[in-house]
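None of the figures in this text is laboratory data; all of them are computed from the coordinates on show. From a predicted model like this one, the values you see are computed outputs, not experimental measurements. Backbone-built Cβ (ideal geometry, glycine too); neighbour counts: all protein chains shown.
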């Protein structure tokens, strides 16, 4: 469903903001993306940042069926003239992503959108520079995911293949000859993957169509692209401010970070 608002004829990228989570671990009865952060609903901060990126012209917010009315009220109040399309998501993250992509498919097939980015609405501090980075990188090479070095973590399995460039060079094998145990990668060689993640639109649609046929559901957008496409997925520097709101202290930290940046992120 589309809301009234002035569509922007600037860029050829679209962004999907996933807002289908819950507030269980926050101890809230309300979906966490609608909780107040510095006086505004949490999800409205993501819309503020993407609205500042000239390359992005199309905006989709994925919501739970029971949140449609609340989302419409919030968008009417917070989105201003920004035209945001509401899409009802599914029971899982992957299903919600797929619902948004099905909605955007006609615009991709018509050549109106070249790149699509998917962002977790529970990450309110991504900032316009990070959105611009993944969109421009995806347009150039095929795909982009933001990462930060992971410290203090011992891996249980090897990282995704075909990330280009590699997260770190000379990654040791997990298995030795004839299945013998090999050395585990050192924690400094791991990375935390964030959102937004961006990909060439036609390849992204094809990957999700193939995943549907295979009955596959990815843990994030990149995992589906890695399995069902030949796109090069390049890492870009993530942001330490780009935290995911999961627990009560995350809301406190997000508000402190916003205040420290005078409520404007780069």
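Some values worked out for this structure:
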{"quantity": "Label-point separation, residue 129 to residue 68 (7 Å along Cα→Cβ), nm", "calculated": "4.0"}
{"quantity": "Where a label projected 7 Å from the Cα of residue 95 along Cα→Cβ would reach, residues of region 211-255 with amide N under 19 Å", "calculated": "211-221, 224"}
{"quantity": "Spacing of the two label points (7 Å from each Cα toward its C-beta) at residue 140 and residue 240, in nm", "calculated": "2.5"}
{"quantity": "Where labels lie 7 Å past Cα in the beta-carbon direction, separation of residue 30 and residue 147 in nm", "calculated": "3.7"}
{"quantity": "Efficiency of FRET from Cβ geometry, residue 217 and residue 112, R₀ 30 Å, rounded to 0.05", "calculated": "0.60"}
